[in-house]
């Protein structure tokens, strides 16, 4: 007899919020929300932190160190995931992220804060990797776009509330509460998520050929880790050298480039450094995009609070604006990329980011109203939304099936490395200006000029995509909007 129960059960079991998937969905959304809240909050309150702890010359390292740790966390999490279940890398990520928060919240100096941010970055790199693999293993293909869209909305609430709440907490109590206050929330989110993560089964293998492929991937990941370490070391040497420009730092820069460029070439598809037509250029463009945006984004609050003397609330609203417009731009991308093609959207995105970065230079002028920063930086966020997911879609279409993993890893690497170098170079320019006795606005202006120059080069490089790659793409899911302090890794 059919009493409607079977039909109701089929419907209940069909979605993200069914009894079998609800715990995993809620847990992943909670963890992404917490990471997003912290990322957006740090950018808002960092000028206050730097004034309290001193060490403004390490300002850029607070962001750059996070990204460098993030890069290593992604690689290590991938290795652990391929070796077995998801619980171990998840606990590693949560544990390191929490440890980094604790170190940052108790930091007596900026140098210790940087160490805490590196640890945080390592943990933050592992958490999304576990989330994406759990989605791939636990959800059918038809539900994955909906889950990614759900994770995308997990950035909206932190984008609206996070920066404003961080400025309010800092004003009413102390900036350390922004770091330490998240620890109980992380414990709750982890306790809710861990059982669901443990319930996710291992990757399905069918036959010895697929098993051999998995073993080969494990071996490849083991080779990637030392190369990734070399790449991070090279990036750190370059940023360190730029921060202290003299004879010895010139050597640091030279060594950093000498070891970093070959490592990057080994970790990305052939032709990426040369901007070969098609997929290699798409991967390189992601790095140019994140370099340009985060080279400026990391110092938006410093312009508003450190130079203009405005409150953290204005800086928080500027970050909120860019987060919301990034999300809006990503939806515009998703609904128009099939018709317009990735080439047009990449050019439009780079162009709008360039306008936003150049436009923000006027905020340095004392007669420009501070609220203009909210509108202008929202424009830069819109450009990121238009362009950011496009290289991902190109990789999924252009890379052969057997090479999609390597191509996606290369894209993710270019993404994080671009953000790390952008934030680091911007901080180096500001620190160099301060050591030279220049007015503070000159270092800030130089940072935005460099960001604009990189965006302009990226805009020019979009012509290297080639006619076929720049042509229309089938619709795909919208990627998550990015935080003000960390790009979101691709699946």
**Request:** Determine, from the Cβ-Cβ distance of residue 367 and residue 449 and an R0 of 25 Å, the FRET efficiency 1/(1 + (r/R0)^6), rounded to the nearest 0.05.
**Result:** 0.75
**Asked** Rounded if a/c is under 1.5, else prolate if a/b beats b/c, else oblate: with a ≥ b ≥ c from the C-alpha gyration tensor eigenvalues square-rooted, which is segment 72-174?
**Response** oblate
**Request:** Order the peptides 286-292, 331-337 from the highest to the lowest mean number of other Cβ atoms within 10 Å of their residues.
**Result:** 286-292, 331-337
**Prompt:** Based on the alpha-carbon gyration tensor of segment 322-456 and its eigenvalue square roots a ≥ b ≥ c, which shape applies: rounded if a/c is under 1.5, prolate if not and a/b is larger than b/c, or oblate?
**Reply:** oblate
**Request:** Treating each Cα of segment 255-374 as an identical point scatterer and ignoring solvent, apply the Debye formula and state log10 I(q)/I(0) at q = 0.15 Å⁻¹.
**Result:** -0.84
**Complete:** By the Cα gyration tensor axes a ≥ b ≥ c (a/c under 1.5 gives rounded; else a/b larger than b/c gives prolate, otherwise oblate), the shape of segment 312-360 is oblate
**Asked** So, by mean Cβ neighbours within 10 angstrom, what's the order for 358-370, 173-185 with the highest one leading?
**Response** 173-185, 358-370
**Request:** Provide the gained length on full extension for the span residue 79 to residue 160, in nm with one decimal, where the gain is 0.36 nm per separating residue minus the Cα-Cα distance.
**Result:** 25.7 nm
**Request:** Sort the following peptides by mean Cβ neighbour count (other Cβ atoms within 10 Å, averaged over residues), highest first: 414-427, 344-357.
**Result:** 414-427, 344-357
**Asked** How many percent of the alpha carbon pairs in segment 21-470 exceed a separation of 27 Å?
**Response** 52
**Message:** Quick one: the Cα spread of segment 65-122 along its three principal axes, in angstroms, biggest first?
**Reply:** 39, 18, 9
**Message:** On a full-extension model of 0.36 nm per residue, what is the gain between residue 438 and residue 99, subtracting their alpha-carbon distance, rounded to one decimal in nm?
**Reply:** 118.3 nm
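FYI, it's all coordinate maths here, none of it is from the lab. The shown structure was predicted, so the numbers you read here are calculated from the model rather than taken from an experiment. Methodologically, a virtual Cβ is constructed for each residue, glycine included, from the backbone with ideal geometry; neighbour enumeration extends over all protein chains shown.
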